[in-house]
Amino acid sequence: MKNLLEHTGIAPGRLHFSWISSAESTKFVDVVKKITEEVKALEPALNYAKTEPKVN
Amino acid sequence: MTGYTEKIREIAARLLTEGKVDRVIGFRKGTVPMMNQPHYVTSPAMAGELIWDSHCGLNLANYVTDRKERIGIVAKGCDSRNLVTHIIENKIKRDQLVIIGVPCTGMVDRSKVCALVEGEITSVEESDDAITVSGNGFSKTIAKTDVLRENCAVCTHRNPVIHDEMVGEPVAEQTGVDAYASVKKVEALSPEEKWNYFEDLISTCIRCYACRNACPLCYCPTCFVDESRPQWVGKSQDPIDVRTFHLLRAYHCAGRCTDCGACETACPMGIKVREFTKKLNKDCFELYGWEAGLTLDKRPPLDVYKTDDPDDFIR
């Protein structure tokens, strides 16, 4: 999944995967914090965002 | 490849006469040159309608999904791999099928041929390694290797992997071809260049879903693109919707695609839709050593869990 998205031009570092048990609240917080930091460090991704529908 | 047509007709007539199958699926000549049509033959008398040449690019495995009767099916290398995939996925039973194997030397890309001549092609003759196209005021002989479909040019499974009958001697498999050369070229680009490459690739897509319809893997009763509650993907021509469609279509083929090229052959806009699935094929090969449809004895990698499955993308 990650490979093809990055292959088609989604910048590496935007897509993250993790396996967190419902009992691992601290891991959840850690992962979310880390992802937020890493994604914030990248430029805003504007290309895969739909603004207004294209009308021909 | 000359003589395949007679052999296919002979086998089809025999199977139907002996009552071994209820129908034979093959190709008949299309109404337009270089566009053969899938065809059902249900009586020995109809067997003469079947043909075989270098324009049988569609994948006949697409037509056996969930069939209940006994079927004889003409299958080149890639079709046979899709039959294996169908059997593994319980879409048809092995004992319902009589597979008429066709060793294949590649199918011709119609658009490449059309680009080489001016004017409309009205007739096509074929020898073993060349085709001669002619129309109003012109006639041209083209080497088959120059106009092969891109997936056929890098194919390393030309002979059927399962078969009950064979129409000819197995052909030599290609060696030394890099099946993933086109993927590697894109991999070398920067994220922005990659984005633009695919933006350009699918810019002409008209969302006709011919690629999905031609694909033997796409057999869901209701496809995600047709579903409206919930609506998984926007139905408009918006580039984001188009890209989402192509990405999702590709993911549905992960670990199952045999690179038969039916999607590209069917595309009326000449979009290289294989660029998406090919990347997944490459990943599957590199991560799991897997090529789809080669054996009935192994489950596909996305079907099973192994403790040594690559997981370095999970943290």
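The values are calculated or read from the model by the stated rules, or taken from the named source; none is laboratory data. Nothing here was measured: the structure is a model prediction, and the numbers come from that model. With ideal geometry, Cβ positions are generated from the backbone for all residues, glycine too; neighbour counts draw on all protein chains shown.
Quick notes
- Checked against (1) within 14 Å of chain A (Cβ to nearest Cβ); (2) without any contact (Cβ under 8 Å) to a residue 40 or more places away in the chain, B:Arg274 passes all but a single condition, namely (2).
- Conditions (1) within 12 Å of chain A (Cβ to nearest Cβ); (2) in a loop (DSSP other than H, G, I, E, B); (3) in contact with a helix residue (DSSP H, G or I) (Cβ under 7 Å, 6 or more places away or on another chain): number failed by B:Ala292: (1)
- Screening the range A:11-30 for residues that are hydrophobic (A, V, I, L, M, F, W, C) and at the interface with chain B (Cβ under 7 Å from one of its Cβ atoms) and picking the one that is farthest from the chain's Cα centre (by Cα) gives A:Trp19.
Yes/no per residue for (1) part of a helix (DSSP H, G or I); (2) in contact (Cβ under 8 Å) with a residue 40 or more places away in the chain:
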| residue | (1), (2) |
| --- | --- |
| B:Ala45 | yes, no |
| B:Asp53 | no, yes |
| B:Leu58 | no, yes |
| B:Asn62 | yes, yes |
| B:Asp66 | no, yes |
| B:Gly72 | no, yes |
| B:Asp79 | yes, yes |
| B:Leu83 | yes, yes |
| B:His86 | yes, yes |
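- For the range B:237-248, the criterion of being surrounded by fewer than 18 Cβ atoms within 10 Å (Cβ to Cβ), within 14 Å of chain A (Cβ to nearest Cβ), closer than 20 Å to B:Val154 by Cα and over 19 Å from the mean Cα position of the chain (by Cα) is satisfied by no residue at all.
- Exactly one residue out of B:Val177, B:Val167, B:Val147 is in contact (Cβ under 8 Å) with a residue 24 or more places away in the chain and closer than 25 Å to B:Cys284 by Cα, and it is B:Val177.
- Count of residues meeting criterion [in contact (Cβ under 8 Å) with a residue 40 or more places away in the chain and under 26 Å from B:Gly135 (Cβ atoms)] in the range B:5-43: 5
A quick yes/no check of all residues on (1) of a type in the set (Val, Ile, Thr); (2) buried (at least 17 other Cβ atoms within 10 Å of the Cβ); (3) more than 11 Å from every other protein chain (Cβ to nearest Cβ):
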{"position": "B:Trp195", "(1), (2), (3)": "no, yes, no"}
{"position": "B:Glu199", "(1), (2), (3)": "no, no, no"}
{"position": "B:Thr222", "(1), (2), (3)": "yes, no, yes"}
{"position": "B:Gly234", "(1), (2), (3)": "no, no, no"}
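- Those residues of the range B:257-270 which are more than 14 Å from every other protein chain (Cβ to nearest Cβ) and in a loop (DSSP other than H, G, I, E, B), in sequence order: B:Thr258, B:Asp259, B:Cys260, B:Gly261, B:Cys267, B:Pro268, B:Met269, B:Gly270
- Residue check, A:Thr51 in a loop (DSSP other than H, G, I, E, B) and either more than 8 Å from chain B (Cβ to nearest Cβ) or modelled with pLDDT of 90 or more (or both): yes
- Scanning the range B:110-120 for residues that are surrounded by 12 or more Cβ atoms within 10 Å (Cβ to Cβ) and either under 24 Å from the mean Cα position of the chain (by Cα) or closer than 17 Å to B:Gly270 by Cα (or both) returns B:Arg110, B:Ser111, B:Lys112, B:Val113, B:Cys114, B:Leu116.
- Among the candidates B:Lys282, B:Lys306, B:Lys272, residue that is surrounded by fewer than 20 Cβ atoms within 10 Å (Cβ to Cβ) and under 25 Å from B:Arg110 (Cβ atoms): B:Lys272
- Residue in the range B:79-90 that is surrounded by 20 or more Cβ atoms within 10 Å (Cβ to Cβ) and touching a Ser or Thr at 6+ places or on another chain (Cβ under 6 Å) present: yes
Listed here are the residues, each with its yes/no results for (1) closer than 25 Å to B:Ile162 by Cβ; (2) touching a helix residue (DSSP H, G or I) at 6+ places or on another chain (Cβ under 7 Å).
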site	(1), (2)
B:Cys215	yes, yes
B:Thr222	no, no
B:Thr244	no, no
B:Ala250	no, yes
B:Cys253	yes, yes
B:Leu280	yes, yes
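- Residues in the range B:88-109 that are assigned to a loop (DSSP other than H, G, I, E, B) and more than 17 Å from the chain's Cα centre (by Cα): B:Glu89, B:Asn90, B:Lys91, B:Ile92, B:Lys93.
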